[in-house]
Amino acid sequence: MALIPEVKGHYGKLKLLIDGEWVDSKSGQVQETVNPATGQVIAEYPTATKEEARAAVEAAQRGFEAMKKIALRERAKMLFDMRQKFEEHFSELTRVLTQDHGRTIKESIGSVRRVIENIESACSAAYGMAARNEHVDDLANGIDMWLTWEPMGAFLIVSPGNIPMHAWSSFVPYALAAGCSVVVSPSRQDPIAAEYICRVALEAGWPKGAINMIHGGREINKYILEQPEIQGLGFIGSTHAGWDLFKLCGELGKRSSINGNGKNAVVIMPDADVKTVIPYVRQGCFGMTGQRCLGSDNVMVVGDIYDEFKERFADMAKSMRLGYGLDESTDMGPYCTAAGRDKVSAWVDRGLAEGATMVHDGRVLPPELSKGFFMAPTIIENVHPDMAIAKEEAFGAVASLIRVESLDEAIHWINSRTDLGHSACIMTESGRTARKFAREVVVGNVGINVGVPQPYAFFPLGSKRKSFFGGAKSRMASMRLFLDEKTVTARWV
């Protein structure tokens, strides 16, 4: 099948977005970004200087002052206009995301659709918070009291390489809906996708400085967060980096919504139809090449269906077609970076050294895939609770098959063998079993007969334990990050 056309073969040197203008960086640190399917350089991008970061913060503060003067109905209209711009640029955005990140075009279509859903949700959130304002007349002897919600100011938004557009939309539209401004610091893994999503957003006519974007890194992020104008942080990334920023937010007295790593599981009960659940588990383990927050790598099979499941699952994995995601016949694309692929390969080696055994090794590939960052679906078994790989996230297209004797054993494993709590799924025909599982697993997102329990935009990403730090979850719940309460008590008689 012919490839869907790329938007560009090369995107040149990327710019910084400061005060409504795309500007060249004066930084001498310039890196290359490559198409992970081909290994070809497709753009260069700078690491911003502290002076440029400071300029972005100052622009965001001016942008906040402008946003405060925009009436709620006008902000809502601009959000709907922004939604329309994303519809108009839908094909362009999906192709850029596939080229820059490596996922398949079908996965990119789903991701950009999630962006649009978040914009819709942000608009409803703006009206919803306004409707929660409360007014009590004559509370006591001529005293009236009312509660209002006010925007906090400028925020730093740090987005990861695995979901560069979806993560952006988990915070930015809600900040705009609240009347706040942002400085976006995207991952350096896929900077083109980060630039394009900001370019489309600007077409809605937001004030200068409402949306700023710089290419930085940990030191620049720390510097921005330390600036007095920045009120808080929205972050999706690793638990390690998130924990450092969470502690810094605490020291600085700033708000945060921080989403980290996961160690997710899917449990297959004896009453599940194995043939039916295979596509769900495939999506959970191998979708987006395993580089997703709510993907799973621990597959726990209860009872005597283990051998049947293993055989069917391995056959499915062997049949998956690897390739460039702009080829619509591709089942799985490359890893976003060579380092990411190599880290997953090393994770598999560690598991084998600990005593796991190979069911299907995806590291042996045909020569035509040698230029990209490919590794096929990999399945291992004989994984036991004390192994490091049983506790630490693979973050790749690897499935660890685990025999368990009962639902209680599976729940105990999920709750006690890791300190992370993004998601857990169960495949069963029993409502009683599903209810017990949903109530007892200590995770924030539960799936019943689904492979990826992705909440819709108007629900928060409800992660727990060390998968989340902060005072407000992302998406709809982030309105509590960007808004603060004020009470007014008045006496006129």
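The values are calculated or read from the model by the stated rules, or taken from the named source; none is laboratory data. Since the model is a prediction, treat every value here as computed from it, not as a measurement. Cβ coordinates were reconstructed from backbone atoms using ideal geometry, including for glycine residues, and neighbour counts include every protein chain displayed.
In this structure, does GLU219 turn out to be more than 24 Å from LEU461 (Cα to Cα) and either touching a strand residue (DSSP E or B) at 6+ places or on another chain (Cβ under 7 Å) or not hydrophobic (A, V, I, L, M, F, W, C) (or both)? Before the answer, list the steps.
Numbers: more than 24 Å from LEU461 (Cα to Cα): yes; either touching a strand residue (DSSP E or B) at 6+ places or on another chain (Cβ under 7 Å) or not hydrophobic (A, V, I, L, M, F, W, C) (or both): yes.
It is true that GLU219 is more than 24 Å from LEU461 (Cα to Cα) and either touching a strand residue (DSSP E or B) at 6+ places or on another chain (Cβ under 7 Å) or not hydrophobic (A, V, I, L, M, F, W, C) (or both).
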Any hit, segment 470-478, residues being under 30 Å from VAL274 (Cβ atoms) and either of a type in the set (A, V, I, L, M) or in a strand (DSSP E or B) (or both): no
Filtered residues of segment 361-390 (kept if surrounded by fewer than 16 Cβ atoms within 10 Å (Cβ to Cβ) and either more than 30 Å from VAL41 (Cβ to Cβ) or free of Cβ contacts under 8 Å to residues at least 40 places away in the same chain (or both)): ASP361, ARG363, VAL364, PRO366, PRO367, GLU368, SER370, HIS384, PRO385, ASP386, ALA388
Unmet requirement for LEU156, which otherwise passes all of (1) in a helix (DSSP H, G or I); (2) touching a residue at least 12 places away in the same chain (Cβ under 8 Å): (1)
Subset of segment 128-145 [over 19 Å from SER170 (Cβ atoms) and either assigned to a helix (DSSP H, G or I) or within 29 Å of the chain's Cα centre (by Cα) (or both)]: ALA130, ALA131, ARG132
Test: residue in segment 351-362 that is modelled with pLDDT under 95, closer than 16 Å to MET300 by Cβ, under 26 Å from the mean Cα position of the chain (by Cα) and in the same structural domain as TYR335 (by TED's automatic domain parsing): no
Condition check for GLU32: outside the structural domain of ALA59 (by TED's automatic domain parsing) and not β-branched (Val, Ile, Thr): no
Long-range neighbours under 8 Å by Cβ, at least six apart or interchain, first residue without any contact (Cβ under 8 Å) to a residue 60 or more places away in the chain within segment 138-153, second among the acidic types (Asp, Glu) and assigned to a strand (DSSP E or B): ASP138/ASP144
Residues located in segment 46-80, provided they are under 20 Å from ASN118 (Cα atoms) and surrounded by fewer than 15 Cβ atoms within 10 Å (Cβ to Cβ): LEU72, ARG73, GLU74, PHE80
Every residue from segment 135-177 that is surrounded by 24 or more Cβ atoms within 10 Å (Cβ to Cβ) and acidic (Asp, Glu): none
Considering residues of segment 81-102 that are surrounded by fewer than 17 Cβ atoms within 10 Å (Cβ to Cβ) and among the charged types (D, E, K, R) only, the residue farthest from THR289 (Cα to Cα): ASP81
